[in-house]
1. Under unit Cβ charges (Lys, Arg +1; Asp, Glu -1), what dipole magnitude, rounded to 20 debye, does the chain have relative to its Cα centre?
2. Given springs between every Cα pair under 10 Å in a Gaussian network model of the chain, which of F143, F115, F128 has the largest fluctuation?
3. Most fluctuating residue of Q134, Q126, Q59 in a GNM of the chain with Cα springs under 10 Å: which is it?
4. So, by mean Cβ neighbours within 10 angstrom, what's the order for 74-82, 171-179 with the highest one leading?
5. On average, how much accessible surface per residue is there in the stretch 1-131, in Å², for a 1.4 Å probe, leaving out ligands, DNA and RNA?
6. With runs of 4+ DSSP H residues as the only contributors, calculate the mean residue ellipticity of the chain at 222 nm using -39,500 (n - 2.57) per run, divided by the residue total and rounded to the nearest 500.
7. Students often get this wrong, so check it: of K96/K176; K76/K107; K54/K133; K7/K107, which have C-alpha atoms separated by over 29 Å?
8. Ignoring any ligand, DNA or RNA, what whole percent of the accessible area of the stretch 95-146 comes from carbon and sulfur when the probe is 1.4 angstrom?
Amino acid sequence: MHESLEKIPQRILDLALGALTQANTHAVYSYPGNDHWEYICVLNSAHAGELFIKAIIAQEHPLLVFRDIFALDDNKSSLLDIDTLIRRGRTHDFEKLPQILWVTTGKRIPNPDCFERMRLARNSIQHFCAPEKQDLRQLSLEFIYTIIDPLIADTFGLCAIEFHEDHSYIYDYIVKALL
């Protein structure tokens, strides 16, 4: 295995932390002009969840996040490298990640009902328009604190509440929203 592949879990984890930072902030903080944050927090929460799950899977082996590893072979290189993965690799779809996580690690997604509601809201916002009559900020917080937080605490020793944009009052908003 090419040495750059060993760094994949950490690279995924770093991206996930950035998405979580924005998701936490966008889920609890609002002011005129950022009304779209209600929708963006869903996208960032789902993105963070997807990346955290992939980071956990990649710890088992970096290639397990890819759905068709045979398509990665270009019949030219002696070793598979990160550039080939970026260029040719296709990872598992968001909806399949709970099953891939279980198969590769034995871990189950906590709160599968919330995962499904987030999946539907994310797909709606990402590909069409926001669903009506749904508290998207609350859904994002539920997803972060009943799915992401237990997974990252167990796997990486991290707490989701520690990741938010660097404003001291954002932490207070998160705590208030969770209470």
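The values are calculated or read from the model by the stated rules, or taken from the named source; none is laboratory data. Nothing here was measured: the structure is a model prediction, and the numbers come from that model. Positions of Cβ are backbone-derived with ideal geometry, glycine not excepted, and every protein chain shown enters the neighbour counts. Accessible surface is based on the protein model in full, side chains and every heavy atom, while ligands, DNA and RNA are left aside. Shrake-Rupley method; radii C 1.70, N 1.55, O 1.52, S 1.80 Å.
1. Charge dipole of the chain: 380 debye, to the nearest 20.
2. Judging by the Gaussian network model, the answer is F128.
3. Q134
4. Ranked from most to least packed, the peptides come out as 171-179, 74-82.
5. Computed with neighbouring chains in place, this is 54 Å² per residue.
6. Computed ellipticity for the chain at 222 nm equals -18500 deg cm²/dmol.
7. K96/K176; K76/K107; K54/K133
8. Carbon and sulfur atoms account for 53 percent of the accessible area of the stretch 95-146.
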